[in-house]
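The structure under discussion appears below in the form of structure tokens.
The values are calculated or read from the model by the stated rules, or taken from the named source; none is laboratory data. Worth saying up front: this structure is predicted, and the values here are computed from it rather than measured. When we count neighbours, we look across all protein chains shown, and the Cβ atoms used for this are built from the backbone with ideal geometry, even at glycine.
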Amino acid sequence: GGTMKRRAGEREKELKKKKLLEELGENRLPYLTPADADFHQLWKTRYSKLIFRKSDTVPEELHQMVQESFLTLREHNCFFQDLVRIKGKDFLTPVSRILIGNPGCTYKYLNTRLFTVPWFTEGYDIKYCSPQIHDACKALMRLNDYLHIEAVKALQGQNLLETKEIKDTTVIGREQNVATSLMEQGSLSKDQSRICVPEDDRSLKSRTSYNLTLLNYMDPLQMLYLKQEPYFGMGNMAVSWHHDENLVERSTVAVYSYSCEDSAVEESSEQELTGRDPAVWHVGLKVAWDIETPGLAIPLHQGDIYLMLDDLNMTHQHCVLAGLPPRFSSTHRVADCSRGTLEYILGRCELALQNLQTDSDSMALSLKSLEAAVVKQVEEIHNEVEFEWLRQFWFQGKRYLKCTDWWLKPMAKLEEFWRKMEIMTSLVLSEVRKEQQIEEKGNETISCFLLLLKERQKLRKEWTAR
């Protein structure tokens, strides 16, 4: 049911995209940059949940730690292009990535599960391949803590602003202040540092408590081809228009951007440019499936930060527009780990194995129940551990052994559980072959069992082909 809904949703998105492009024809929608007169007004009215922090509002020590960690991870070849699956076909992402976060967390996008290189966490034995990688993960955890605090303050500031708007019908004077502060939020950040998080405000904390960061790296000059932005004519895209997937509802996404700028790649100030400067990296934003509202292209420089608050990730789409220098980013998320943690899948395996019993004398294995619901649950878990975890990990996850071997023991445990579930499948097969099982109750068990076996066979063929 979930798969069918997802496919229907993907088809609907494709149709919307096709319709939008047909309506546009050769025309392109307007978009604004900070040089345009109406830029700040548009940001305030249609993009107000995007918060920008210039690099000079961030502590210099933190900049240094984080930027060194990016370079360290690149030197150790820890960034990887992902093989993602879109509409049944595999594609290598133009951007190289690594996932760092809470031990045992995973993040899934475009049918690809990434496994965290764990940052240091109390109670976990984490061994890194080098002291430099340990320091890099520690620095990114420091950045994570900083961005959590900034996100809480930004949400509180927005709540205060909304409350003031409700109470105060006269907004004269405030309009200009808000407009000019959108790109110059250092003073706002300082003012908000005095605000404390109420202890009972669990919702605010839960929507800003980042459990992982997806790091990105790309050198545009090494890319043979980059897609062109199709709606506005914004130029080369490093990442196409999208909503971030697999997040806790209305959670904030925080992004730290570091483009390796030098004197050869500076914004052009002498000549008048129409649209965005193609030498400079930008984040692009648009209202989802809207051809009336102009888009925004916001330049990103060394150490700039932006926050997508509340439901912005769902109501709007964003893309990353490539400049000329190589660029790193650290994108901090509250990933929905309800079905994506090691603790979760180990619990699922233990639930399945409750139906397996061992004879105390002969040590022979048998099933406690052949009830259709029990068999169905066990075989669903069998498929889940094989295709969502083991195959995903050994397909791409073993790359992370360059950083740490933390996942090897858990994967060995999951393989052990999987082998027991293979035995359970054999036991079901031998039981349903017996004549006494060919009855109405047995037929119900057989039909749901065969359905899941067919699904397993189909998925095994797909993975073998990959």
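Select, from Ser203, Ser240, the only residue that is part of a strand (DSSP E or B) and at pLDDT below 95. Spell out how you get there, then give the answer.
Details: Ser203 fails: part of a strand (DSSP E or B).
Every option except Ser240 fails the conditions.
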Within the stretch 116-152, restricting to residues that are within 30 Å of Thr45 (Cβ to Cβ) and surrounded by fewer than 21 Cβ atoms within 10 Å (Cβ to Cβ), the one that is nearest to the chain's Cα centre (by Cα) is His148
The stretch 83-107: number of residues that are of a type outside the set (A, V, I, L, M, F, W, C) and surrounded by fewer than 17 Cβ atoms within 10 Å (Cβ to Cβ): 5
Let me confirm something: among Asp336, Asp361, which residue is touching a strand residue (DSSP E or B) at 6+ places or on another chain (Cβ under 7 Å) and either at negative phi or in the same structural domain as Glu379 (by the TED database) (or both)? Asp336
May I ask you to list the residues in the stretch 53-79 that are assigned to a loop (DSSP other than H, G, I, E, B) and surrounded by 14 or more Cβ atoms within 10 Å (Cβ to Cβ)? Lys54, Val58, His76, Cys78, Phe79
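Being among the aliphatic types (A, V, I, L, M), touching a Ser or Thr at 6+ places or on another chain (Cβ under 7 Å) and over 30 Å from Asn111 (Cβ atoms), is that true of even one residue in the stretch 429-448? Don't jump to the end; show me each part of the working.
We begin by selecting, within the stretch 429-448, every residue among the aliphatic types (A, V, I, L, M); these are 429, 432, 438, 446.
Remaining after also requiring touching a Ser or Thr at 6+ places or on another chain (Cβ under 7 Å): 432.
From what is left, the residues that are over 30 Å from Asn111 (Cβ atoms) are 432.
Taking every residue of the stretch 429-448 in turn, at least one turns out to be among the aliphatic types (A, V, I, L, M), touching a Ser or Thr at 6+ places or on another chain (Cβ under 7 Å) and over 30 Å from Asn111 (Cβ atoms).
Would you say Lys376 is of a type in the set (D, E, K, R) and within 28 Å of Lys461 (Cβ to Cβ)?
yes
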Looking at Asp304, Asp405, can you tell me which residue is within 21 Å of Tyr217 (Cα to Cα), under 23 Å from the mean Cα position of the chain (by Cα) and acidic (Asp, Glu)? Asp304
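Determine, yes or no, whether Arg74 is in contact with a helix residue (DSSP H, G or I) (Cβ under 6 Å, 6 or more places away or on another chain), outside the structural domain of Trp394 (by the TED database) and among the basic types (Lys, Arg).
Numbers: in contact with a helix residue (DSSP H, G or I) (Cβ under 6 Å, 6 or more places away or on another chain): no; outside the structural domain of Trp394 (by the TED database): yes; among the basic types (Lys, Arg): yes.
Judged against the criteria, Arg74 is not a match.
Pick from Phe91, Phe52, Phe115: which is without any contact (Cβ under 8 Å) to a residue 12 or more places away in the chain and closer than 25 Å to Asn313 by Cα?
Values: Phe52 fails: without any contact (Cβ under 8 Å) to a residue 12 or more places away in the chain; Phe115 fails: without any contact (Cβ under 8 Å) to a residue 12 or more places away in the chain.
On inspection, the qualifying residue turns out to be Phe91.
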